[in-house]
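Undergrad: The structure that follows is given in the form of structure tokens.
The values are calculated or read from the model by the stated rules, or taken from the named source; none is laboratory data. Computed from a prediction, not measured in an experiment: that's the story for all the values here. FYI the Cβ positions are ideal-geometry reconstructions off the backbone, even for glycines, and counts take in every protein chain you see. Remember, those area values only see protein heavy atoms, side chains included, never the ligands or the DNA or RNA. Shrake-Rupley method; radii C 1.70, N 1.55, O 1.52, S 1.80 Å.
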Amino acid sequence: MKRALVLALVFLTRVPIPVRFTPEPADWGRSVVCFPLVGLFIGFLLLILYGLLGSIADGVAAVLLLTVWVLLTGALHLDGLADAADAWVGGLGDRERSLAIMKDPRSGPFAIVMVVLVLLGKFAALQALIEQGDWRAILLAPVLGRAAILGILLTTPYVRHRGVGAAHADHLPHASCRLALLGIVILVALLEGWRGLLTLMALGLALCGFRSLLITRLGGATGDTLGAACELTEVAGLLLAVIAAC
């Protein structure tokens, strides 16, 4: 478990943790179980910063929280979102063309627009949540984003055959991942009650639709689409929390 958690932290964050072992493919697979724990770690760090900001203006606090959030993850999932957005538009419905575009390190205009929209959505939601004093949604958003990755890996073929993502998918411990998802449901229920469970239902339906699109267009998931799922789930979770509080 310790090796799995270290690999998950190294892969998903920019926290400087030394890896004193040579990871095997199975280690990468087991690390997926710890993805929600990494999300919880990110959420706790955001809450600590939220507490330290005190009476600072809500908009400024939201910008600082979002900046730290992006820096903690190294914009890993934003990069995936950008590549997936480019592929969805530029691929013109063709599977091979879409997969090739996701390999291209350059970003097109639609990629930039999608990243800006997601960041604006997160900023607006964070500002509203800070104004409402809703720390629970801030804590849970990174957890839900990484739970989305688990959900897709559990139910969707992975179309790449090389890289860390392929190791994640090929050696995924299905039973442990299902238990991790159940733990997230319990955590959300304890913190948010029925409102949280309704949010989970909405996010789950949206994720099913996203998965269906992946199957239709690509035949499965890639690392970039997993990153897109994480980002879209995070911003949707934050916005739903704001709407539910209105």
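Residue-wise test of (1) closer than 23 Å to residue 216 by Cα; (2) of a type outside the set (A, V, I, L, M, F, W, C).
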residue	(1), (2)
101	yes, no
112	no, no
122	no, yes
131	no, yes
152	yes, no
162	yes, yes
165	yes, yes
168	yes, yes
176	no, yes
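Undergrad: Between 218, 213, 190, 153, which is within 27 Å of residue 95 (Cα to Cα) and without any contact (Cβ under 8 Å) to a residue 24 or more places away in the chain?
TA: 213
Undergrad: Also: Take the residues in region 140-163 that are closer than 26 Å to residue 182 by Cβ, more than 13 Å from the chain's Cα centre (by Cα) and among the β-branched types (Val, Ile, Thr), then tell me which one is least open to solvent (accessible area, probe 1.4 Å).
TA: Looking at residues that are closer than 26 Å to residue 182 by Cβ, more than 13 Å from the chain's Cα centre (by Cα) and among the β-branched types (Val, Ile, Thr), I get 156.
Undergrad: Can you find even one residue in region 51-59 that is touching a helix residue (DSSP H, G or I) at 6+ places or on another chain (Cβ under 7 Å), crowded, with 22+ Cβ neighbours inside 10 Å, in contact (Cβ under 8 Å) with a residue 12 or more places away in the chain and of a type outside the set (Phe, Trp, Tyr)? Walk me through it before giving the result.
TA: Within region 51-59, the first condition is being touching a helix residue (DSSP H, G or I) at 6+ places or on another chain (Cβ under 7 Å), and the residues that meet it are 53, 58-59.
Add one more test, that the residue is crowded, with 22+ Cβ neighbours inside 10 Å, and what stays is none.
The answer is no; no qualifying residue exists.
Undergrad: For region 94-106, enumerate the residues that are open to solvent by 70 Å² or more (accessible area, probe 1.4 Å) and in a loop (DSSP other than H, G, I, E, B).
TA: Within region 94-106, 94, 105, 106 meet the criteria.
Undergrad: Within region 195-246, how many residues are at positive phi and either aromatic (Phe, Trp, Tyr) or open to solvent by less than 20 Å² (accessible area, probe 1.4 Å) (or both)? If you could, list the steps in order and put the result at the bottom.
TA: Kept after step one, since they are at positive phi, are these residues of region 195-246: 219-220.
With the extra rule that they be either aromatic (Phe, Trp, Tyr) or open to solvent by less than 20 Å² (accessible area, probe 1.4 Å) (or both), the set shrinks to 220.
Of the residues in that region, 1 qualify.
Quick grid of which residues meet (1) open to solvent by less than 70 Å² (accessible area, probe 1.4 Å); (2) in contact (Cβ under 8 Å) with a residue 60 or more places away in the chain:
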{"site": "30", "(1), (2)": "no, yes"}
{"site": "33", "(1), (2)": "yes, yes"}
{"site": "43", "(1), (2)": "yes, yes"}
{"site": "49", "(1), (2)": "yes, no"}
{"site": "84", "(1), (2)": "yes, yes"}
{"site": "92", "(1), (2)": "no, no"}
{"site": "114", "(1), (2)": "yes, no"}
{"site": "138", "(1), (2)": "yes, yes"}
